[in-house]
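What follows is a set of notes on a single structure, which appears directly below.
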Amino acid sequence: GPEKIIEKKKAFLFPCSHHFYKNPPQIVKGEMQYLFDSKGKKYLDCFAGVSVMNCGHCNPEILEATIRQMKTLQHTTTIYLTQPMVDLADRLAHVLPGDLRRSFFCCTGSEANEGALLLARLFTGKRNFIALNHSLHGRTYLTMSTTAIPMWRADPELDGCVTFVPNAYSRNKPLEEAAVESLEAVEKAIVSKNTHNIAALIAEPIQGNGGMITPPSWYFQKLKTILEKHGILLIIDEVQTGFARTGKMFAIEHYGVVPDIITVAKALGNGMPIAAFCTNDRIAPALTKPSASTLGGNPVASSTAIAVLDYIEKYNLCAAAEKLGHKLKEGLLALQKKHPIIHDVRGIGLMMGVELLKENGQAAAEETDFILEELKGRGILLGKNGLERNVLAFQPPLVISEEDIRFLLEQLDMVFGLIKF
Ligand code: PMP
């Protein structure tokens with residue numbers, strides 16, 4: 001049972017390993033948008049394993065492709081070309097924005113971002129990077145160095161090659177104003193003499209872990225113009241936002257910008273480890289030494305990813321995320337009118353955040369935990385994020401139904417009603 005799990009966790013995992021909930025549910029089974037614990041309790045999953053399970057848990061159509069490939073050929077290394085990996089690269093080229101058409105496969109989002117940062121250095125011959133406050137890009141050395149969120153910077157002495165600038169967020173300021181200031185800070189960082197030699201700026205289109213921070217629609221075009229003027233590449237980290245999550249295949253499409261490099265992971269494999277950094281014909285040749293990732297793009301993960309892309313297309317998950325996201329946002333905005341603890345509702349499609357502040361304007365972190373616990377009891381698993389862990393994160397599998405959204409909003413309304421403000 002759950003007690004045993006916690007005992008074992010304490011005995012054999014690193015002490016840093018953390019989890020949501022006082023007693024995390026012992027999940028033993030998944031079926032599309034639902035999870036089941038060891039006692040048979042059913043949960044509506046509104047977290048999707050941090051936006052990984054976009055096509056749902058144990059999706060039979062996708063599993064069929066995974067299992068078929070698993071029984072045929074599991075692994076060879078990329079030294080012998082395998083059909084699934086090159087087919088996946090071809091398929092990705094057709095859904096990636098603009099001229100992005102070359103993919104380098106690896107297994108995790110961190111590796112994809114590490115590769116993207118290296119590629120930017122090789123292409124530009126410059127060493128430094130700009131990243132945004134509230135960012136999370138991974139847990140390898142360079143990617144942790146470009147991560148701003150203190151709780152994810154495990155090494156206090158990270159690489160000094162990164163300059164952080166304010167993102168399009170301020171608790172006490174209109175979003176537009178904060179976004180203008182963010183771009184001013186980028187320009188200032190570029191021209192200041194300690195931050196010369198900048199290869200790239202790396203950014204999530206919507207900052208997931210940082211609190212579902214959603215810049216205004218004009219933000220990335222203006223940013224790209226500034227970067228181009230100075231020969232700096234734009235790396236867009238779509239690890240959390242990619243694959244129909246926001247109602248488009250990639251969130252950056254909402255902003256009408258084609259980045260120089262894009263990174264993908266998580267939902268591409270719907271639970272199988274696969275990731276990639278992708279770029280155009282001009283930049284890709286900068287990586288000259290023969291290099292490959294042993295398991296990156298292996299046949300099983302690649303076949304699964306192809307099935308994921310098929311599924312997104314066949315069931316039009318972009319349209320589903322847009323429509324259901326609209327319903328969810330409407331409902332959350334209605335709750336905001338009723339419950340003053342809700343400071344902000346933000347996000348696009350089925351990537352929504354609800355920031356909670358106490359009456360005195362401080363982050364409502366305990367209340368956020370209380371809501372997660374209460375919803376768990378009522379059969380709903382929700383996420384949380386933000387620098388102060390006071391943002392409710394809504395990122396369910398995209399196969400969720402309107403009925404599920406209604407149930408979620410109804411339960412949320414009741415739980416918010418329990419909080420004294
Ligand atoms: N970038 C973003 C935006 C992420 O959300 C994450 C993980 N939460 C990562 C990169 C790192 O991915 P991974 O854990 O697969 O290394």
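No lab work stands behind these numbers, since they all come straight from the coordinates. This one's a predicted model, so the numbers in the text were calculated from it and none came from an experiment. Using ideal geometry, Cβ is built from the backbone for each residue, glycine included, and neighbour counts are taken over all protein chains shown.
Data overview
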{"item": "The chain: DSSP helices with Cα axial extent of at least 30 Å and average Kyte-Doolittle hydropathy no lower than -0.5", "result": "317-338"}
{"item": "Net length gained if the chain between Glu31 and Ile79 were fully extended (0.36 nm per residue, minus Cα distance)", "result": "13.6 nm"}
{"item": "Under the Debye formula (equal points on every Cα, no solvent term), log10 I(q)/I(0) of the chain at q = 0.07, 0.09, 0.14 Å⁻¹", "result": "-0.33, -0.55, -1.37"}
{"item": "Computed lengthening from Glu3 to Ser170, 0.36 nm per intervening residue step minus Cα-Cα distance", "result": "56.1 nm"}
{"item": "Backbone N under 18 Å from the Val95 label point (7 Å along Cα→Cβ), restricted to segment 208-249", "result": "236-249"}
{"item": "Length-normalised contact order of the chain in % [C-alpha pairs under 8 Å, at least 6 apart]", "result": "22"}
{"item": "In nm, spacing of pseudo-spin labels at Thr140 and Glu410 (7 Å Cα→C-beta vector)", "result": "4.7"}
{"item": "Three-way shape label, segment 117-260, alpha-carbon gyration tensor, a/c 1.5", "result": "rounded"}
{"item": "Relative contact order (%) - criterion: Cα under 8 Å, at least six apart; region: segment 368-421", "result": "34"}
{"item": "Gyration tensor (alpha-carbon) shape descriptor, segment 14-147, a/c threshold 1.5", "result": "oblate"}
